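The values are calculated or read from the model by the stated rules, or taken from the named source; none is laboratory data. None of these values were measured; they are calculated from a predicted model. Cβ placement follows ideal geometry from the backbone for every residue including glycine, while neighbour counts extend to all protein chains displayed. Side chains included, ligands, DNA and RNA excluded: accessible areas come from the protein's heavy atoms. Shrake-Rupley method; radii C 1.70, N 1.55, O 1.52, S 1.80 Å.
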Amino acid sequence: MSEPLSASRARALLEAHGVRPRKRWGQNFLIDRNVLEKIVQTAGLLPEDRALEIGPGLGALTALLAERCAHVTAVEIDRLLEPVLRQTLADCRNVSLIFADFLELSLPTLLSEAFGDSPGVVVANIPYYITTPILERLFENKARIRQIVLLVQQEFAERVAATPGSKEYSALTVFAQYHARAEITGRVSRSVFLPPPEVSSAILRLSPVLPGTLALRDEARFFQIVRAAFGQRRKTLLNALAGGQIGLDRAEAEALLRRAGISPERRGETLSPEEFARLSEA
Ligand code: SAM
């Protein structure tokens, strides 16, 4: 980046272009070079890598990515930021900007355009209000993605990277860890954003696993069991599986748990993703 990023530069840019950060699109812009560096380092970019960024905002992360890899495609919903981005990225010849709602785009088409034939890297400081749908779409296309690095709400990152038995461990954890290895690589304070968001953030690295470390014959069944177990967190697995959505009676549920080598007295929140897989396969 030619000029170091600072709160005053970000403010000056916004003022010069007559735009205000919009809350509805989660516009909290990063104004700290160290945090931007840390996000990019977490991605472990190679010079030949191609990157996709969701929500470039003022272009701070985009410019750093453009310095470190072969090409960046950035998708921004807010057309009012177009003149700002054209200015801040004027020197970056390897950036393609797309002005659209990321959730409305066909992701397979976008990934083909952004990455070509080799898997690429997704790096983004994403708007918190659409974290889950973004993750779902990325995982649906994980075969084309080598690494995902997201700056997300800290609480969300902790749920994704949680270990069995902890209070953060949830259906979201099992869903995410079914698709990827998850790791928090840093915590980020509110003060490095303009304007500061209401909550703290964390850098989350997701390394997709193919076809999933848990080889499953029936993915839908796996998630049905996970939802049943966490829908009734306080119940034993036997009670969670008997009746309700799964449609087993008590004797069937008990036999199933024994077959999977899992005690019927355990609660779902103590099962690792591998144990959920064993149960679903049984
Ligand atoms: N990357 C910039 C940074 O780190 O300073 C901006 C991050 S800001 C938290 C989120 C950005 O995502 C905003 O620029 C916002 O306009 C954009 N955005 C929000 N919803 C979006 C969507 N559905 N599709 C694409 N961009 C979106």
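Numbers for the structure displayed
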| item | result |
| --- | --- |
| With eigenvalues of the C-alpha gyration tensor scaled by 5 and rooted, the chain, Å | 41, 19, 15 |
| Share antiparallel - DSSP beta bridges, the chain, percent rounded to 5 | 50 percent |
| For segment 219-281: relative contact order, % (alpha-carbon pairs under 8 angstrom, 6 or more apart) | 39 percent |
| Inter-site label distance for residue 8 and residue 86 at 7 Å from Cα along Cβ, in nm | 2.8 nm |
| Residue (of 72, 207, 35) at the positive-pole extreme of segment 7-208, dipole from beta-carbon charges | 35 |
| Ranking by accessible area, most exposed first, for 249, 117 with a 1.4 Å probe | 117, 249 |
| Average accessible surface area per residue within the chain, 1.4 Å rolling probe, Å² | 47 Å² |
| Amide hydrogen neighbours beyond the local backbone of residue 22, cut-off 5 Å, H modeled | 27 |
| In Hz, Karplus ³J(HN,Hα) per residue of segment 184-199 (6.51, -1.76, 1.60; θ = phi - 60°; x = Gly, Pro) | 8, 9, x, 9, 10, 7, 5, 5, 8, 10, 10, x, x, x, 7, 10 |
| Residue 16 paired with residue 168, simple spin-label distance in nm, labels 7 Å along Cα-to-beta-carbon | 3.9 nm |
| Contact order relative to length of the chain, as percent, for alpha carbon pairs under 8 angstrom and 6 or more apart | 15 percent |
| Cross-link reach list, lysines versus residue 38, counting only Cα pairs under 26 Å and skipping chain neighbours closer than eight places | 23, 142 |
| Segment 83-171 - percent of accessible surface contributed by carbon and sulfur, probe 1.4 Å | 46 percent |
| For residue 179, solvent-accessible area (1.4 Å; no DNA, RNA or ligand), Å² | 20 Å² |
| Loop sites in segment 33-78: GluC sites (Glu not before Pro), DSSP, at most 15 other Cβ within 10 Å | 48 |
| Segment 115-207: relative contact order as a whole-number percent, Cα under 8 Å and 6+ apart | 30 percent |
| 21 Å Cα-Cα reach of residue 235 towards lysines, excluding residues that sit fewer than 8 places from it in its own chain | 167 |
| Carbon + sulfur, % of accessible area of segment 219-281 - ligands and nucleic acids excluded, 1.4 Å | 46 percent |
